[in-house]
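Comments concern the structure below.
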Amino acid sequence: MMGLSMKYKPTIGLEIHAELATKSKMFCACENNPHDAGPNTNICPVCLAHPGVLPVINKEAVKSVIKVGLAIGGKVSKHSKFDRKSYFYPDLPKGYQISQYDQPLIEGGKLAGVEIERIHLEEDTGRLSHAKDGSLVDFNRAGVPLMELVTKPVIDSSEKALEFARELQLVLRYLHVSDADMEKGQMRVEANISVSKDKKLGTKVEVKNINSFKSVKDAIASEIERQTKLLEEEEKVIQETRGWDEGKRKSFSQRIKEEANDYRYMPEPDLPPMDFSASNEINIEELKKELPELPWEKRERFKKEYGFSDGDVLERLIKDRGEAEFFEEVVSELGDKDPNKIKLAINYIDSDLVGIMNEIKSGWDDFKVTPENFAELITLINSNKVTSRVAKTVLREMFETGADPSQIINESGLVGSSDERVEEAVNKAIKNNSKAVLDYKKGKESALKFLLGQVMGDLRGTGNPERVEELLREHLSK
């Protein structure tokens, strides 16, 4: 396929839906809790479309979408409205979906280098479960506020599409507007994909049912390959909607793709238009001031302030706000920005502390290690008062009891070995391992590592490995 991929150019546009984390649904007062409640418990006449009921706009949902638009540099529309989108399917009993068509809340913007077409607001549908003897519908999700972001068709690879989806999830979480958990269906990705030989766009195919970041990359790459093969064999690509089967790692045809006129959009008569130029209900300037530090801003600050480079450690800090906040609190407690201390701090947080947390299944809000005590441990390590082996033991005790490291070290006898004790252990190792001594003098560095292990074992891990190695080399050179 390498030759084919050079010959054909893919063009990708994404449509990403995110359930907003408001307290109530989009157009009624029902609790917005579609995932953790029993079937059909958070429902009312409005979301079940009983005759005569009237929807009411959820102002917090509108604010959430505007925040996302402001974060990515989009333009907030002065005038916006809701529309009816004909949608005849059992999971939305009205027979239409309240959405937005020609006056979305947000137009334009850019994220991860990808230009945005629009962001609009609509209501989610119910959930269908199919079995051999029939189908069941749960309306808990019907009416949940749903943000839809549409990119321009400017993405040219599955890798870039994946990068965009990950960055959008971070933005939604940083703004606290959505948990955007793909496994729970809180964030859903649909990809519009076409392949052509020249600048003219090919036939567009929409791929749905993309339920994980792995599937984002796999589904798009698979569809590019499928269309490329068809064109290479001089067959036509049909405009259609396809579903993604993660198990089989291939897409399947669902239906011929609808056009906008198939939905018979019309202005929603039961909801008033929204005028943000004159409204006192939502203050755009105030929403701008509420924006937190965003992922790309934090990346650049961490590089500048702490000397991070692009890589997995930095991305884990950007992704996990709890870990990033703990790290910065530790640095603050250290009292300076010594590069050695910062490197030690992030290494012990990102490997040892996170490892214990994963083992115990603990979160950043429910464990006993304080930034002050962690900073003290880092200072002890940096000044060679405790070895790495002792530090790991002390950290686990800190995690379990909340005690400060000095108290644990003193009460447990985990103090560093004296110079006299280290000298004694070095002499003992040299005396008892004459073959290793001879091998080292013949130029075998592995023999030194063996002797180092013997000394550290004798000291029960309380010696400083660098100092032990230095003493061994001194004694062996005599």
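FYI, it's all coordinate maths here, none of it is from the lab. Keep in mind that what you see is a predicted model, and the values were worked out from it rather than measured. Backbone-built Cβ (ideal geometry, glycine too); neighbour counts: all protein chains shown.
Annotations for the structure displayed:
- Debye log10 I(q)/I(0) at q = 0.30 Å⁻¹ for region 225-287, Cα point scatterers: -1.20
- Annotation: aspartates and glutamates with alpha-carbon distance below 18 angstrom to Lys217 (same-chain offsets under eight excluded): Glu15, Asp156, Glu159, Glu163, Glu167, Asp181, Glu183, Glu190, Glu206, Glu225, Asp245, Glu246.
- Taking every Cα-Cα distance in region 180-234 and sorting them into 5 Å bins starting at zero, the pair-distance distribution P(r) comes out as 5, 19, 25, 20, 14, 9, 6, 3, 0 percent.
- Förster radius 51 Å - calculated FRET efficiency between Val313 and Lys248, Cβ distance, rounded to 0.05: 0.90
- Loop-resident GluC sites (Glu not before Pro) (DSSP state other than H, G, I, E or B) in region 251-322 with no more than 13 further Cβ atoms inside 10 Å of their Cβ: Glu258, Glu259, Glu281, Glu293.
- Between Glu115 and Ser388, the C-beta separation translates, for a Förster distance of 56 Å, into a calculated FRET efficiency of about 0.70.
- Two-decimal Rg/Rh across region 1-154, once Rg and the Kirkwood Rh are taken from alpha-carbon atoms: 1.06
- Contact order relative to length of the chain, as percent, for alpha carbon pairs under 8 angstrom and 6 or more apart: 13
- Within the same chain, lysines fewer than 8 places from Lys431 are excluded, and of the rest, those with a Cα less than 23 Å from its Cα are Lys441, Lys442, Lys444, Lys449, Lys478.
- Modelled spin labels at Glu235 and Glu300, positioned 7 Å past Cα toward Cβ, are 4.8 nm from each other.
- Net +/- balance of residues flanking Asp404 in space, Cβ distance below 13 Å, scoring K and R +1, D and E -1: -4
- Using a Förster distance of 56 Å, the FRET efficiency for Lys478-Asp179 (Cβ separation, nearest 0.05): 0.30
- The chain - share of DSSP beta bridges that are antiparallel (%, nearest 5): 95
- Neighbour-limited loop hits for chymotrypsin sites (Phe, Trp or Tyr not before Pro), region 78-179 (at most 11 other Cβ within 10 Å; DSSP other than H, G, I, E, B): Phe88
- Multiplying the residue separation of Glu325 and Glu286 by 0.36 nm and subtracting their alpha-carbon distance yields 11.5 nm.
- Volume per residue of the C-alpha convex hull in the chain, rounded to whole Å³: 232
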